[in-house]
């Protein structure tokens, strides 16, 4: 089985171009493809075939990473629809959302001062994850309805929440290390 480097990521896995994916199916197809193009299988092949196997494996890895993440998958779908992202110069302009982000960041910063910082951080992370889940559902609806400008705004907001969750995870590790 060969993977064309010109295929889009959905085509690589034989999946429809759709936000709604069965991640278990994606994972199974990923493993099958990796078995067929893994560079170790081409150890005695020509330099060209080994190089191609490495490129195909890298392409499959990248496709899997993008498609398994709802936010990255949404960005990719929007890109396929012709929507560009300029992460350096574009961000959400929703003042209410930005204010909420500032308040959440203040809450994260205050966790260390709580009597039980782990419990406080856990509650905060659950709240952020719940908001993120709701926003992903809304994003899926926007993509399904081909409301690309709204979907792009949703992706930009979700990136804030994803970054905030990562900061919470780092704080959790810092708190654990300090024990």
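In degrees between 0 and 90, to the nearest 10, how far off the longest principal axis of the chain does helix 117-144 point, with axes built from Cα atoms?
Between helix and principal axis, roughly 50 degrees.
Between residue 25 and residue 116, what is the spin-label point distance in nm, taking each point 7 Å from the Cα along the Cα→C-beta axis?
4.3 nm
Would you work out the relative contact order for the chain, in percent, from Cα pairs under 8 angstrom that are 6 or more residues apart? Don't skip to the end; give the middle numbers.
Numbers: 127 pairs, mean separation 39.7, N = 179.
After rounding, I find 22 percent.
Treating the angle as unsigned and between 0 and 90°, give the value, to the nearest 10°, between the Cα long axis of helix 95-110 and the longest Cα principal axis of the chain.
The answer is roughly 80 degrees.
Sticking to Cα atoms, compute the Rg of region 95-177 to one decimal and its Dmax as the biggest Cα-Cα distance, whole number, in Å.
14.5, 47
For region 47-123, what does the alpha-carbon gyration tensor say about shape, rounded, prolate or oblate, given a ≥ b ≥ c as the root eigenvalues, a/c under 1.5 as rounded, and a/b over b/c as prolate?
Values: a/c = 3.79, a/b = 1.82, b/c = 2.08.
Oblate is the answer for region 47-123, as a/c is 1.5 or above yet b/c matches or exceeds a/b.
Compute the relative contact order of region 9-68 as a whole-number percentage, counting only Cα pairs closer than 8 Å that sit 6 or more residues apart in sequence.
Numbers: 38 pairs, mean separation 26.5, N = 60.
It comes to 44 percent, rounded to a whole number.
So what's Rg/Rh here for the chain, counting alpha carbon atoms and using the Kirkwood radius for Rh?
On the way: Rg = 20.1 Å, Rh = 18.8 Å.
With Rg and the Kirkwood Rh in hand, the quotient comes to 1.07.
Mind checking the log10 I(q)/I(0) for region 9-68 at q = 0.17 Å⁻¹? Debye, one equal scatterer per Cα, no solvent, two decimals.
Results for region 9-68 at q = 0.17 Å⁻¹ read -0.55.
Which angle from 0 to 90°, rounded to the nearest 10, does the C-alpha axis of helix 148-177 make with the longest principal axis of the chain?
70 degrees
Read-outs throughout are calculated quantities, based only on the coordinates presented, and are distinct from any laboratory measurement. Here the structure is a predicted model, which is why all the values come from computation and not from measurement. Because the Cβ atoms are built from the backbone with ideal geometry, glycine has one as well, and the counts that use them run over all protein chains shown.
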